[in-house]
1. For the stretch C:155-176, what are the residues that are over 25 Å from the mean Cα position of the chain (by Cα) and either part of a loop (DSSP other than H, G, I, E, B) or buried (at least 22 other Cβ atoms within 10 Å of the Cβ) (or both)?
2. Which one of these is within 14 Å of chain A (Cβ to nearest Cβ) and assigned to a helix (DSSP H, G or I): B:75, B:115, B:46, B:97?
3. Going through the stretch A:77-124 one residue at a time, which ones are farther than 30 Å from residue B:154 by Cβ and in a helix (DSSP H, G or I)?
4. Can you name the condition, by its number, that residue D:92 falls short on among (1) more than 10 Å from every other protein chain (Cβ to nearest Cβ); (2) buried (at least 18 other Cβ atoms within 10 Å of the Cβ); (3) more than 20 Å from residue D:31 (Cα to Cα)?
5. Among the listed residues C:22, C:44, C:79, C:93, which satisfies the condition of being touching a residue at least 24 places away in the same chain (Cβ under 8 Å), surrounded by 24 or more Cβ atoms within 10 Å (Cβ to Cβ) and at negative phi?
6. Can we say residue B:282 is touching a strand residue (DSSP E or B) at 6+ places or on another chain (Cβ under 9 Å), away from chain D (no Cβ under 14 Å) and either surrounded by fewer than 22 Cβ atoms within 10 Å (Cβ to Cβ) or part of a helix (DSSP H, G or I) (or both)?
7. Tally up the residues in the stretch A:66-76 that are farther than 25 Å from residue A:23 by Cβ and not in a strand (DSSP E or B), please.
8. Scan the stretch A:47-65 for residues that are assigned to a loop (DSSP other than H, G, I, E, B) and touching a strand residue (DSSP E or B) at 6+ places or on another chain (Cβ under 8 Å) and report the count.
């Protein structure tokens, strides 16, 4: 009896580990767009070239009307965007987000982020 | 006396010695740098050790060389297909692949064990054919079932027709995840330390396993099934378990192998695994009935030196690299044939020797009676 | 009911299942736009091509040496004969017979050595045969590169060394046996009379062999080696003879195969030739230690029938080419069935 | 009902194999600390009795037994050897049940290893426990010490002399704490004299410690030396149960073989047959390596036209003689037939000299079970004398003459009354008696000058037995064929032979006329 409980526990443990491995090892494709977009009837215009990085990885430069592709692994991430605004001032925007495993690839719209729109991260 | 011992040593280790001599002759011909060779050996040890070690337990149980490790390899590949499809990456991807392929390996190992119990005395040829048969089933599942019955979401993995996995699966996501986990570089040689640590754990496991009750039972069954059965050891079950363990280890071994290579030939990667692993083990001085961990180490090094060197040496010798390729195929199969013949020959010789002893004993009896 | 039971027992399940399957394929064929006549004639051609190779299993099985997985050894002898006859530039039927004339002595020598080897490893013949076959194929691959053949039809046209991987026999003896007395009925049916007759002659010869004193002794060796020994039969000699005959049949068989197929496949080509032959005879109802000519004929027909019909019919039904997978499962499944069914290995009983 | 010091009581044990009675109403009792000597000829029922005690499957598969067994005060009926072991009965077999690559301690503790527990057991079951080799060695040492021999627990069995293997077996049985009764089946048969001495001493020592022992042996000297009581079985009956002091070897021998039955007299009439004075066949210093039937040093002479019987207990080598001479097992020595030396280890040349053999092993040597009767009969003569062959193409091809073979087979089927559907029936489908007739037909077909027959009546029914023996006798009379017949059944030999040699321990113990008394034969068979 005790043995079967231990065995059951181990099987359950393995299943839990499976889910953990799945969620922490899952890789997502993130497209970073610096283009003019229209989301929910609002148009966000792309104005600035920018530099971004995700989870302390190398900074990537993204020019206007361009799209870049990055990969992230696991549920929790930090997106950091730096650009120089029309006043010549350095602006840094830092956003934390987490992903659930049902999402495969996502788009970060820089103009939306700069404008402070809520739907800056959408499914592709 | 000493002379006799030396002679015995040479006879018992004829195969490794032959390979050392061949390597010494072929290395200068190939003209490869020492550093390159050492790097290659490191890579190949990491790649093959786990697989080769998975052969040891059925040998203990007296079931010979388990050509059925390809079953484990197939299970491992199915796990890899899934994690790649789910895009689970890195070490967690690899671990997940191991966990989900393990039940498949256990089931396949069980089937193999039961089949081999029905073919006592010709386990090796049966396990070989079994590998082919399960390969057919594997093809059925992977080539026709996946994407149809078994959901596969990633289109890049499927054939253009919409179902069936492509011939090559890119394992970019887990490539080297274990090998490079603990980076270590000595000189210009990269050492896949984490892989070696894992192999070390396996070695400890095998050594420990031999001391368990199950290990002891396997040794007993391997030496004399009838006596073991009379002592109440469940012979058939013990044999099945040895094959199951071997299959599961081979499954892990194949995943380690593929994380090193980085791409998977869906329909070929597993096919040659059995043959190469067995040939390597035999080159290391193992036989059908006796194999150890050092045999595996030495065997992989010697066999793969031959592997790396022979095409280049062939080119130098006859101006064609192809001949070296064929040479290594010849060596792989030839060494297995040789080991099997030696094994059968040795059994025959032992019988002969027992008879000679009897004869001597009797001639002394009859000479005594003549005196009396 | 009782009769059906006896029939099933006699024929064995695999044979019945595959037989019914083949029948079903032939019945469905017209409905999926597969021409039955073409199919039948394809089956006949392949039957003729494989027949002798399957027949090559009989002598060794009969003397208790088990299934001859080492048939590639005979095939190699046949290949040597074939390329040599092309090198000598003999065409037509005489080219074919020159090929056989060269192949047979080589096969006798190889078979003799192989027989001596197998006599030392009684009980483990099949596993060893497998690897002897494989390593000899690999060894010959090196030889094909090195042997000094010169014919333009056989060496690489540009650079490269050695013989080509596939050599066409088009200009030499393509269909030279098939076409003797061959006839067509309608547009679709072709009957390779010469090849079938040649196969029949071979069967007759083997049948006759087992009617002689030596053949009787060989059967006894396979049936009960101790009995044979007690009756003054030299077991090892009989086994060696059977291995030689088996190897010679392999050599002749591959040449017949090539003249119909149109190509000589060198290098790793002969690697897997043993398996369809082994599966064929097992499907015919042979066991690991008993085989008859009838097993050969039935088995070759059924097995080659399946291999011919599944690609055309199944593909047309499900629009998928599963023939290769089916071939793998069926042929290896049959061998596996035979290996796991008979627990008692006769040859293991031989006291050395 | 059982008094305190009685360990084993068997009451009214009856057993038959398919109507063939092998044990009739056997009773015996064994006290704690006593050694019981169990003696009897082969086939007297000793081994069947032990099989019943052990609950072997053969017994249950053939319909069980009648009677009661009380062990340690309880009414028991063991259904498997494991139950018997658990109850406390240990058995040392004649052939060793040891793993060659294990050392003494590992063998002694086989499947009863001392183990340490660990966590993995909870997951994968008990067999994941690790062995405690040190404790195992200590335990083994104690067990070996109890026997009183010097044997290191770390010696590999494959490197042990035979005696030590025997001791390892015994140590294994007594190491079981529950063991109260030890059965030793011919423990000294394979030992040297000094080893046997140690063995006997060990048995006495164990008995002194309270262990009961059943000691089976053919060596009466040993029985007299160590046993407290003796039980004699003959033809499945318990003939005598007595304390050893009240007996002597001659008495025991007489009990074993029984009083002489007066001969039927008809034998004398047949004595007018044509035995010639010349020796046709001589054997000098023959040894044969036949497992289980080793022949060590045998010499004898046979006259032309004689029926020469070879008797003796099973395993003593009487069967090895013919097998060795016919070249079926490796043999050495000097054998000559018709004043010509015969090469040994060469069956064909022996057969060509006109010497034929009917093997005791019908199924494995005597017959082609999967071939028809006509093949079985004609094969030997076809291969050795090239009869029943048609020569085609100027003798180049030797074609089997199936018609002639069938005719030959039909002749023998009629002559020997072989019950079958015809010459085409497969040999495996025949009954034992008819198979034996096919074997005889095979031999007769070669028209032998000298015929070896081994155990011609083993495993066949009474009617067939008589027919087989009569056929042999008739054949000998008609053609003057010399016959050498080996059999375990003394009566059979006495009824047919002109002289009978008794083989014991691989040597000829003596040659007697068939008229000699059973006791005389018995004395030769059993080492007194």
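1. Passing the criteria: C:156, C:157, C:158, C:159, C:160, C:161, C:162, C:171.
2. Exactly one residue qualifies, and that residue is B:97.
3. A:111, A:114, A:115
4. Of everything listed in (1) more than 10 Å from every other protein chain (Cβ to nearest Cβ); (2) buried (at least 18 other Cβ atoms within 10 Å of the Cβ); (3) more than 20 Å from residue D:31 (Cα to Cα), residue D:92 misses just condition (3).
5. Exactly one residue qualifies, and that residue is C:79.
6. no
7. The qualifying residues number 1.
8. Residues meeting the conditions: 6.
The values are calculated or read from the model by the stated rules, or taken from the named source; none is laboratory data. Small disclaimer: the values here were computed from a predicted structure and weren't measured. Heads up, the Cβs are rebuilt from the backbone with ideal geometry, glycines too, and the neighbour counts pull from every protein chain shown.
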